[in-house]
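Trainee: The structure is given below, and queries will be raised subsequently.
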Amino acid sequence: MAVHAKDMNFRTYMHVALDEARAAAARGEVPVGAVIAGPEGIIAQAGNRTRELHDPTAHAEMLAIRAACTALGQERLAGYDLYVTLEPCPMCAAAISNARIARLYYGAADAKSGGVAQGPRVFSHPQCHHVPEVYDGIDAQTSEILLRDFFAAKR
């Protein structure tokens, strides 16, 4: 069960994830941004690049996880946090689990493609080997507006 961020005092990097989402939108990508941070601060940040890279796996979370693992020279991100503007899809939720990310903070819920609180709820499956702490609703309204405006402009 997710805990709402408004009930907690913590340092957030969601503003950086939102900047990445805005940059993704400017590139014509769905505006989703992600940041991986640890005690030393930000390790990696990315925005969606599926169209640019012609890669359906180039979601912001996947790119940030890959960059963080490369920067740290390891395949696990235990003790690190992921901030993402939109609820991760099932693919990204599985990658978050496989990377052993400690805490997931996300903004907007994704009723259509979410994989954490919506849809398949990846972290609830018995096959899920690692479940991060999940905190939702961080700057959700800002994330929702970015997405809504992006898709409205496409219509």
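The values are calculated or read from the model by the stated rules, or taken from the named source; none is laboratory data. As the structure is a prediction and not an experimental result, all values here were calculated from the model. All Cβ positions, even for glycine, are placed from backbone atoms using ideal geometry, and neighbour counts span all protein chains on display. Ligands, DNA and RNA are stripped out before the accessible areas are found, and what is left, the full protein with its side chains, is counted by its heavy atoms. Shrake-Rupley method; radii C 1.70, N 1.55, O 1.52, S 1.80 Å.
Trainee: For residue 95, are the conditions met, namely being touching a strand residue (DSSP E or B) at 6+ places or on another chain (Cβ under 7 Å), free of Cβ contacts under 8 Å to residues at least 40 places away in the same chain and among the hydrophobic types (A, V, I, L, M, F, W, C)?
Mentor: Numbers: touching a strand residue (DSSP E or B) at 6+ places or on another chain (Cβ under 7 Å): no; free of Cβ contacts under 8 Å to residues at least 40 places away in the same chain: yes; among the hydrophobic types (A, V, I, L, M, F, W, C): yes.
So residue 95 does not fit the description; no.
Trainee: When you look at residue 70, is it open to solvent by 40 Å² or more (accessible area, probe 1.4 Å), part of a helix (DSSP H, G or I) and among the hydroxyl-bearing types (Ser, Thr, Tyr), yes or no?
Mentor: Working: open to solvent by 40 Å² or more (accessible area, probe 1.4 Å): yes; part of a helix (DSSP H, G or I): yes; among the hydroxyl-bearing types (Ser, Thr, Tyr): yes.
The answer is yes for residue 70.
Trainee: So which residues in the stretch 9-55 are within 18 Å of residue 65 (Cβ to Cβ), open to solvent by 30 Å² or more (accessible area, probe 1.4 Å) and of a type in the set (S, T, N, Q), if there are any at all?
Mentor: If the condition is that a residue be within 18 Å of residue 65 (Cβ to Cβ), open to solvent by 30 Å² or more (accessible area, probe 1.4 Å) and of a type in the set (S, T, N, Q), then 45, 50 are the ones that fit.
Trainee: Just wondering, is there one or more residues in the stretch 121-138 that are in contact (Cβ under 8 Å) with a residue 40 or more places away in the chain, small (Gly, Ala, Ser) and out of contact with any Pro (no Cβ under 7 Å at 6 or more places or on another chain)? Spell out the reasoning first.
Mentor: Residues of the stretch 121-138 that are in contact (Cβ under 8 Å) with a residue 40 or more places away in the chain, as a first pass: 132-138.
Of the ones still in play, those that are also small (Gly, Ala, Ser) are 137.
Add one more test, that the residue is out of contact with any Pro (no Cβ under 7 Å at 6 or more places or on another chain), and what stays is 137.
Checked against the condition, which is being in contact (Cβ under 8 Å) with a residue 40 or more places away in the chain, small (Gly, Ala, Ser) and out of contact with any Pro (no Cβ under 7 Å at 6 or more places or on another chain), the stretch 121-138 yields at least one hit.
Trainee: Restricting attention to the stretch 86-109, which residues are assigned to a loop (DSSP other than H, G, I, E, B), touching a Pro at 6+ places or on another chain (Cβ under 9 Å) and on the phi < 0 side of the Ramachandran plot? Quick ask: steps written out before the conclusion?
Mentor: Step one: filter the stretch 86-109 for residues assigned to a loop (DSSP other than H, G, I, E, B), giving 87-89, 100-102, 109.
With touching a Pro at 6+ places or on another chain (Cβ under 9 Å) added as a condition, the list becomes 100-102.
Residues satisfying the conditions are 101, 102.
Trainee: Looking at the stretch 110-129, which of its residues are touching a helix residue (DSSP H, G or I) at 6+ places or on another chain (Cβ under 7 Å), open to solvent by less than 90 Å² (accessible area, probe 1.4 Å) and in a loop (DSSP other than H, G, I, E, B)? Spell out how you get there, then give the answer.
Mentor: Step one: filter the stretch 110-129 for residues touching a helix residue (DSSP H, G or I) at 6+ places or on another chain (Cβ under 7 Å), giving 115-116, 119-120, 122-123, 128-129.
Next, only the ones that are open to solvent by less than 90 Å² (accessible area, probe 1.4 Å) stay: 115-116, 119-120, 122-123, 128.
Within the stretch 110-129, 115, 116, 119, 120, 128 meet the criteria.
Trainee: Can you tell me which residue is nearest to residue 98 (Cα to Cα) among those in the stretch 56-65 that are touching a residue at least 12 places away in the same chain (Cβ under 8 Å) and open to solvent by 20 Å² or more (accessible area, probe 1.4 Å)?
Mentor: Here is the first cut: in the stretch 56-65, the residues touching a residue at least 12 places away in the same chain (Cβ under 8 Å) are 57, 59-65.
After this cut, where a residue has to be open to solvent by 20 Å² or more (accessible area, probe 1.4 Å) as well, the list is 57, 59, 62-63.
Working: 57: 15, 59: 16, 62: 11, 63: 14 Å.
Per the stated criteria, the residue is 62.
Trainee: Scan the stretch 78-105 for residues that are small (Gly, Ala, Ser) and over 13 Å from residue 121 (Cα atoms) and report the count.
Mentor: Total satisfying the criteria: 5.
Trainee: Scan the stretch 73-85 for residues that are closer than 10 Å to residue 105 by Cα and either outside any strand (DSSP E or B) or β-branched (Val, Ile, Thr) (or both) and jot them down.
Mentor: First, pick out the residues of the stretch 73-85 that are closer than 10 Å to residue 105 by Cα: 81-85.
Residues satisfying the conditions are 84, 85.
Trainee: Follow-up question, since we're still on this one. If I filter the stretch 130-152 down to residues being within 17 Å of residue 16 (Cα to Cα) and in a loop (DSSP other than H, G, I, E, B), which single residue comes out as most open to solvent (accessible area, probe 1.4 Å)?
Mentor: 139
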